[in-house]
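Presented below is the structure to which this report refers.
The values are calculated or read from the model by the stated rules, or taken from the named source; none is laboratory data. Keep in mind it's a predicted model, so treat the numbers as computed, not measured. Neighbour counts run over all protein chains shown; Cβ positions are idealised from the backbone, glycine included. In case anyone asks, the SASA skips ligands and DNA or RNA and just uses the protein heavy atoms, side chains included. Shrake-Rupley method; radii C 1.70, N 1.55, O 1.52, S 1.80 Å.
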Amino acid sequence: MHTWHIGLTGGIGSGKSTVSQMFQQFGACVIDADAISRATTAAGGAAIDAIRDQFGDSFITPDQALDRSAMRDLAFRHPDARKQLEAIIHPLVLQQVRQQAQAAIASGTRVIVYDIPLLTESGHWRQRLQQVVVVDCDTETQIARVMQRNQLERPAVEGIIASQATRTQRRQIADAVLCNGAGISLAALQAQTRALARRFGLIIDAKGNPA
């Protein structure tokens, strides 16, 4: 049986996590690359020893996790620090992603959705995927959602958005775009996601044909 490998991405506040949950409800296996990445830098995570070797004890908290605040400050002052950190984390994430994907394929999964926030910015994901789905959202709606959800001030949210790929850049790599900006209801987003789920063979009739 053919297994689809689908990349899912979108800017902060775009609704990507909501779409990810919808795909899961339709029967896809969702592999959350960001959650795996966070786990590698959590207390006792697989990346901690290498981070300590590279950056020193001052970047490790007392409970043996990455000091994210210290690392953000360093990356702001020295952009190469981010690349050094990514060089440590990315191979660990890829290893976990492969293991989860192999387990999903072995169990007969029809569609694997890789939830990757920075897919557009990354150079090593695109060749591993058969399709890329982008959740697109206008900037003002992004800002409003993140301010409300994360209790952040507007300048902070604008800074996060500025650090990510642009809407145009994401759309350029997309095989499919889900619109989730101003005026798009949850039902409308679900209808768009359902149409893609049908295309990927997640929704089938009794004879095994796309429903």
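Annotations for the structure displayed:
- Once you reduce segment 145-166 and segment 79-108 to the center of their Cα atoms, the two points are 26 Å from each other.
- Residue-by-residue Karplus 3J(HN,Hα) for segment 41-53, coefficients 6.51, -1.76, 1.60, Hz, glycine and proline x: 10, 6, 3, x, x, 5, 8, 4, 4, 5, 5, 4, 4
- For log10 I(q)/I(0) by the Debye sum over Cα atoms at q = 0.11, 0.13, 0.16 Å⁻¹, calculated from these coordinates, the label among (i) -0.51, -0.73, -1.13; (ii) -0.73, -0.88, -1.08; (iii) -0.59, -0.82, -1.16: (iii)
- The chain, relative contact order [Cα under 8 Å, separation at least 6], %: 34 percent
- Computed from Cα positions, the angle between helix 16-25 and the longest principal axis of the chain comes to roughly 50 degrees.
- By a 1.4 Å probe calculation restricted to protein chains, C179 has an accessible surface near 60 Å², given to the nearest 10.
- With every protein chain in place, the chain: carbon and sulfur % of accessible area (1.4 Å): 51 percent
- Probe 1.4 Å, accessible area per residue of the chain, Å²: 53 Å²
- Antiparallel %, DSSP beta bridges [both residues in the chain], to 5: 10 percent
- Charge dipole magnitude, Cβ of K and R +1, D and E -1 - segment 80-211, Cα centre, debye nearest 20: 440 debye
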